[in-house]
Structure formats: C-alpha cells, structure tokens
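Have a look at the structure below before the remarks.
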Amino acid sequence: LVHPQLSTIAIGEVKNETDEPALAVILRKKLAEQVMRDGSLRLVDADIADVIVVATIPKYATARGAAAKLRSDSDLPDERSTYRTSFYQVKVDVEYSVLVPLQNNRVLMPRRKTVGEARFPEMPDLDVSRQSGLQQALNDAATQIITSITEAW
C-alpha cells in the first residue's frame, strides 16, 4: 500500500521530553522493528533514505486500570470493602512527522500525534512492570506511526 515513490525510510531524531529515561531509545528500536515487520519499506541510513521519520515524546501517564476486592464489607469492623489495584494502564503521547531529506528536509507529513497504550499487571516490583508497560505502549505507538506512513496513500 505504500506510495510507489517511497522504498526506503530512516529513523531520525527522537526526543524524550519526559522525566522517564530511555523512552527515546525504546521508541527508536520499536520504530525500526515495525519497519522491518511491515516490510513495505526498507530501513536505511538517513543520508540515502527516501523519507525520515522524526518524533517527540512530550508526556506519558500511568493510571490505575482496575481493582480487585480483597475483603468483603462484613470482614471489616466499619463495614467497608478493601480494594487492591490489579492492573495499571499507561498512555504515551508521541508527536511525529515525516521529512524528505533529499529535498532539504521538506515536510512530507506534517506533525501528527498518536497515543500508544498498554495495560500491565501489578507485580512485586512495580517499576519492572511499569517499564514493561511503557515498552508495550511505545510498540503500540510505533505500529500506528509506521502504518500511517505506509498506508497514507
């Protein structure tokens, strides 16, 4: 489905404007994986690519997704239930655009926004499971970005 004049793509600069380290590195990796998985474009260096995708991660948010009831109302003296979070949800905002490097970085696709989402369970180490959720959300965003490039025509 890709435009016939496009055969190669490069992953350009990815900026991370959040307080979470390494999100830019993970997104670059996920974008490359999605390019190879899609197969419509060949991943090459920026100096010979037909197009370059550049991105910015301005923010992400983690929220409680669902809770499980631990005790019934009758088990507590004041007759209230106790709940514990069973899984969390993470959303990562990604802004991206596609440039044509051989035409002085002419904008082919103006800045767009996508939101990658994922759910992850609570585990003994919440930081480890949160990192896994962020990677899944960035993979979701990368899939949406590459699909928008290859199927935009």
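Every number in this text was worked out from the coordinates using simple rules, so none of it is lab data. Computed from a prediction, not measured in an experiment: that's the story for all the values here. Neighbour counts run over all protein chains shown; Cβ positions are idealised from the backbone, glycine included.
See the values below:
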{"read-out": "Positive-end residue, segment 92-153 charge dipole about Cα centroid, Cβ charges, pick of Pro110, Leu134, Thr150", "value": "Pro110"}
{"read-out": "Segment 113-153 and segment 13-59: distance between their alpha carbon centers, rounded to Å", "value": "13"}
{"read-out": "Protection-proxy order for peptides 133-142, 91-100, 112-121, 52-61, each taking the mean of Cβ atoms within 10 Å per residue, highest first", "value": "133-142, 91-100, 52-61, 112-121"}
{"read-out": "Per-selection Rg to Rh, segment 1-55 - Cα, Kirkwood hydrodynamic radius", "value": "1.02"}
{"read-out": "Residue-wise HN-Hα coupling along segment 48-58, computed from phi with Karplus coefficients 6.51, -1.76, 1.60 (Hz; x: Gly, Pro)", "value": "10, 7, 5, 9, 10, 9, 10, 9, 9, 9, x"}
{"read-out": "Zone residues, segment 9-35, relative to Asp45, backbone N less than 17 Å from point 7 Å out along Cα-to-Cβ", "value": "9-13"}
